[in-house]
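Down below is the structure, laid out as structure tokens.
The values are calculated or read from the model by the stated rules, or taken from the named source; none is laboratory data. Note that the coordinates shown come from a computational prediction; the quantities given were computed from them, not determined experimentally. Here the Cβ is made from the backbone with ideal geometry for all residues, glycine too, and neighbour counts use every protein chain on show.
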């Protein structure tokens, strides 16, 4: 049977399982984010449409040997800047086909699990799921990894952020080992409730499960049906075709 996929996302988010049970109508299926990483590319600003995607694919092939035959990509469109994307979600084509078969025709969307976490301006968020640590670094960035590796990746992100450090890290559930010390080193406060940023006067994206989906700004993977524009997620482009 399907299971609730995230810490408190409720019935709208379910994990894909291998027992053949498809998510219900309008439910969002999540898969392990370690299988759907975000890759940042160096794309010329003037490229648009299919040409931009073709250059992105060439860069992925040059950098990591990822070809169109073995890898699916989904551009992440920034709000109101749909032609200036530089980040993509990537997934193994065979694994994607398996997910599509399990998800069935009524599933609303398939997402990497880290994109089910809350996001808000200036806040990073994290939570454990199935012994893996999900981390979200904003509407268009995140990752999932084993806790020790995730903490190393988080430290690298904090080191690289410099003057753009998050205003807080929202930790939902038990904090992983070393998180407090790492946050203290970078003078970033830890918070345990999504209500606190609102009290500080920060502009937050909605934290309800389906509103959270709507705020993903094009990162949603509508892995079913050909060339469908996902109007529930601003900035979403073509989905992956069957």
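Of note:
- Residue in the stretch 196-205 that is at pLDDT 50 or above, surrounded by 11 or more Cβ atoms within 10 Å (Cβ to Cβ) and farther than 21 Å from residue 158 by Cβ present: yes
- Search result, residues across the stretch 128-150 that are farther than 17 Å from residue 36 by Cβ and touching a residue at least 60 places away in the same chain (Cβ under 8 Å): 128
- Sole residue being touching a strand residue (DSSP E or B) at 6+ places or on another chain (Cβ under 6 Å) and at pLDDT below 90, chosen from 91, 5, 22: 5
- All conditions in (1) modelled with pLDDT of 85 or more; (2) surrounded by fewer than 20 Cβ atoms within 10 Å (Cβ to Cβ); (3) touching a strand residue (DSSP E or B) at 6+ places or on another chain (Cβ under 8 Å) hold for residue 121, with the sole exception of (1).
- Counted residues, the stretch 162-178 - those being in contact with a strand residue (DSSP E or B) (Cβ under 9 Å, 6 or more places away or on another chain) and either surrounded by fewer than 15 Cβ atoms within 10 Å (Cβ to Cβ) or without any contact (Cβ under 8 Å) to a residue 12 or more places away in the chain (or both): 2
- A search for C-beta distances below 9 Å between a residue of the stretch 76-104 that is in contact (Cβ under 8 Å) with a residue 40 or more places away in the chain and any residue that is in a helix (DSSP H, G or I) and surrounded by fewer than 15 Cβ atoms within 10 Å (Cβ to Cβ), counting only pairs 6+ apart in sequence or on different chains, returns 90/64.
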